[in-house]
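Input: a single structure, listed below in structure tokens.
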Amino acid sequence: MALGSVGVIGGGINGLCIASALAQRGWQGDLFERGKCLQQTSSVSTKLLHGGLRYLEQGHLALVAESLRERGLWLRDAPEHCRWLPLLLPIYENRRRPAWQWQLGLGLYDGLALGQVPSFARWFSPEDVCHLHPELPAEGLQGAWQFWDGQMDEQGLGNWVLRQALGMGVELHEDCPVQRITTTGLLQLENGRLHQFDWLVNGAGPWAAQLLECSGIPSNVKLDLVLGTHLLVPVPEGLKLPHHGLFVEVCGSARIAFLLPYQSQLLVGTTEEVQSLGQSIEASGSERELLWQLVEQHLPAFGAAARSRGRFFSGLRPIVSISSTGKTNISSASRDSLFRRQDRLITVFGGKWTTARSLAERLLHTAPFNGQT
């Protein structure tokens with residue numbers, strides 16, 4: 001006999017992991033998605049399972065450690081959908097961060113992984129770098145650090161989680177937009193149908209705060225919505241896709257970006273632009289130019305193909321509002337998640353792909369799912 005009924009709103013990776021974990025623990029779960037599962041934020045990531053090396057600079061050690069642990073578990077449990085990817089971090093003259101700073105960060109990054117890594121970070125000379133990545137400009141190059149992170153086929157990995165959820169008895173309701181929820185467990189669909197549950201979990205990602213507002217439920221947690229845009233570039237004729245990915249500093253900025261081999265194409269990203277739900281989810285002119293320039297600066301042989309045949313994709317990421325942390329730069333905001341309970345409603349704010357399963361486990365250790373009230 002089920003412990004009780006739970007309605008989960010949101011068919012992204014967080015909602016799927018939550019519904020799956022609840023079913024595994026004996027709860028009857030129903031998952032509601034306004035469209036198709038895994039077609040919004042969860043389908044437009046950088047395709048990495050990573051700890052977030054840059055988050056160390058901002059002091060988010062606990063989040064990085066959790067992410068690195070989860071990275072290892074994904075790679076262990078679903079090797080058919082993810083793999084280890086070697087990354088080069090090229091060091092050029094007159095850049096914001098010196099080589100020794102990256103050395104300290106990478107040492108901590110590998111240490112927090114607790115041995116779950118193919119090999120520790122290592123230094124390559126300029127000559128070695130040019131051999132490994134011949135398209136990389138050599139002028140001003142001092143060398144590069146090599147380190148490892150995970151890369152995923154996010155659709156394949158997400159569907160793997162979806163199959164697990166369905167196999168555990170989760171009832172899936174796709175194309176079912178939720179119009180209103182209450183703190184007493186009542187859920188109303190856009191077509192007017194009502195569903196009563198013992199508990200509700202609002203895991204609607206970027207739309208979680210909006211659902212609360214439309215339902216007349218106050219919240220002291222706000223979300224910043226960040227538009228992330230990526231560029232997919234076909235490999236020009238006569239060139240080979242690099243085996244190593246690149247982790248690079250964006251010129252004139254504290255930000256970093258990736259240039260990665262992904263399914264026989266070059267994947268470049270991501271941008272970070274704060275926007276609202278009312279704005280269209282598509283790349284702006286400035287974002288397009290930034291990504292084109294990243295290719296031209298770091299892989300110039302791919303530059304013409306990037307501008308003529310590159311394809312952009314964009315998505316919204318929910319980040320717990322920086323206004324409550326005193327931060328002024330969205331890049332320095334934590335990608336961690338928060339839970340807020342209001343009677344029989346629990347809302348999930350924030351989160352990231354890599355930590356979706358640990359987010360679900362943390363939820364199970366909160367009342368009422370841990371047996372407390």
Of the residues that sit in the stretch 117-133 and are closer than 16 Å to Y92 by Cβ and assigned to a loop (DSSP other than H, G, I, E, B), which one is modelled with the highest pLDDT?
S125
Does the stretch 155-175 contain at least one residue that is open to solvent by less than 40 Å² (accessible area, probe 1.4 Å) and free of Cβ contacts under 8 Å to residues at least 60 places away in the same chain?
no
Take P206 and decide whether it is under 21 Å from P177 (Cα atoms), at pLDDT 95 or above and open to solvent by less than 20 Å² (accessible area, probe 1.4 Å).
yes
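Among the helices (runs of 4 or more DSSP H) contained in the stretch 11-101, which hold 3 or more residues that are polar (S, T, N, Q) and closer than 30 Å to Q188 by Cα?
Values: elements: 13-24, 53-57, 61-77.
Output list reads 13-24.
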Boolean, L136 is assigned to a loop (DSSP other than H, G, I, E, B) and of a type outside the set (V, I, T)
yes
Condition check: farther than 20 Å from L141 by Cβ, assigned to a helix (DSSP H, G or I) and open to solvent by 40 Å² or more (accessible area, probe 1.4 Å). Does L290 satisfy that?
yes
Residues satisfying the stated conditions in the stretch 263-291, i.e. over 10 Å from L227 (Cβ atoms) and in contact with a helix residue (DSSP H, G or I) (Cβ under 8 Å, 6 or more places away or on another chain):
L266, V268, G269, L277, L291
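Just a yes or no: is a residue in the stretch 293-313 closer than 21 Å to R335 by Cβ and either open to solvent by 20 Å² or more (accessible area, probe 1.4 Å) or not β-branched (V, I, T) (or both)? Lay out the reasoning, then the answer.
Step one: of the stretch 293-313, the residues closer than 21 Å to R335 by Cβ are 313.
Narrowing further to those that are either open to solvent by 20 Å² or more (accessible area, probe 1.4 Å) or not β-branched (V, I, T) (or both): 313.
Yes, that holds for at least one residue.
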Any hit, the stretch 250-272, residues being in contact with a strand residue (DSSP E or B) (Cβ under 9 Å, 6 or more places away or on another chain), small (G, A, S) and in a loop (DSSP other than H, G, I, E, B)
yes
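The values are calculated or read from the model by the stated rules, or taken from the named source; none is laboratory data. As the structure is a prediction and not an experimental result, all values here were calculated from the model. Neighbour counts run over all protein chains shown; Cβ positions are idealised from the backbone, glycine included. We work out accessible area using only protein heavy atoms, side chains counted, and drop any ligands, DNA or RNA first. Shrake-Rupley method; radii C 1.70, N 1.55, O 1.52, S 1.80 Å.
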